[in-house]
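Inspection log for the structure reproduced underneath, given as C-alpha cells.
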Amino acid sequence: MITRILQIFGFVSFLASLIACSEETKNDKATTIDLSQASNETPDDLGASFLMAVKNNDSKYIETFFPSVADVAEIMNSYEGNEEEKKQILNNSDKNTKDIRRNALHSIEEIKNKGSKNAIDWKDVAFSTSELSTRKENNIEFAKLVIYFNSGSSLYKMEIPECIKSDRGWLIFDKPKWIGK
C-alpha cells in the first residue's frame with residue numbers, strides 16, 4: 001500500500017494523486033534455494049531469497065534487500081508526480097532509508113519470535129510459493145508480497161506489504177509481517 005511508504009516519507013498529501021492498478025500472480029518456486037542462488041530480480045525471487053536469509057539468520061544479506069539513498073534517487077528519476085514532493089523525498093532519503101532498515105530488521109526478529117512460538121524450527125523451513133499484487137503508480141512499480149513456507153507438515157505465511165522496483169531489483173520498502181497459518 002502506497003500509504004505506508006508515504007507515511008515513511010511524510011507526504012500524506014501525495015496519496016490523493018495516486019491511482020493503483022493491480023495484477024494478481026501466483027508462482028511456484030523450488031522449495032530449496034541457497035543464498036548463492038538468491039535473487040531479487042522479481043518479487044517472487046525476493047520472497048524466496050528473503051526467507052532463506054531469515055532461515056540462515058543472515059542479517060547482512062537481508063540488508064541488501066533494503067533501499068539505499070542511491071536507490072531512492074534512481075527510483076525517483078522515473079517518478080511522474082509532483083516535483084515539490086519529489087524534492088522532499090530526495091532531501092529526506094538518508095533518514096528515511098535508515099528508518100526503513102531499522103524497522104524492517106526489528107520486525108524480522110518479531111517474525112522469528114512469533115514463528116518460534118508456533119513451533120517453527122527456522123533451520124528446517126522451506127519456501128513453498130508466493131502471492132503478489134503488483135501495481136504501477138506515477139511510473140514507479142510496487143508489489144505486495146505474501147511468502148508461503150513449510151515447517152514440518154504445516155504451511156505458514158509472512159508478508160512484505162510494500163516492495164519497490166529499482167535498477168538493483170525488488171527492494172523491501174516496508175517492514176515484513178508475520179501472518180501465521
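Just so it is clear, none of the values below were taken in a lab; they were calculated from the coordinates. Computed from a predicted structure; not experimentally measured. Note that we place each Cβ from the backbone using ideal geometry, even for glycine, and neighbour counts take in every protein chain shown.
A few notes on this one:
- Where GluC sites (Glu not before Pro) fall in DSSP loop in segment 65-172, at most 13 other Cβ within 10 Å: Glu80
- Karplus-based coupling profile of segment 172-181, in residue order and whole Hz: 7, 10, 8, 6, x, 10, 7, 10, x, 7, with θ = phi - 60° in 6.51 cos²θ - 1.76 cosθ + 1.60 and x standing for Gly or Pro.
- 3J(HN,Hα) from dihedral phi, segment 86-100, Karplus parametrisation 6.51/-1.76/1.60, rounded to Hz, x for glycine, proline: 4, 4, 5, 4, 5, 5, 9, 5, 4, 4, 5, 5, 5, 5, 4
- Which listed pairs, of Lys87/Lys157; Lys60/Lys165; Lys114/Lys165; Lys60/Lys117; Lys86/Lys117, have C-alpha distances above 32 Å, in listed order: Lys87/Lys157; Lys86/Lys117
- Potential lengthening of the chain between Glu84 and Asp121 amounts to 8.5 nm, from the contour at 0.36 nm per residue minus the alpha-carbon distance.
- Remark: segment 142-156, residue by residue, has Karplus-estimated 3J(HN,Hα) of 10, 8, 9, 10, 10, 9, 9, 8, 9, 9, x, 9, 9, 9, 10 Hz, where x stands for each Gly or Pro and the curve is 6.51 cos²θ - 1.76 cosθ + 1.60 at θ = phi - 60°.
- By the beta-carbon count within 10 Å of each Cβ, the least crowded to most crowded order of Leu132, Leu105, fewest first, is Leu105, Leu132.
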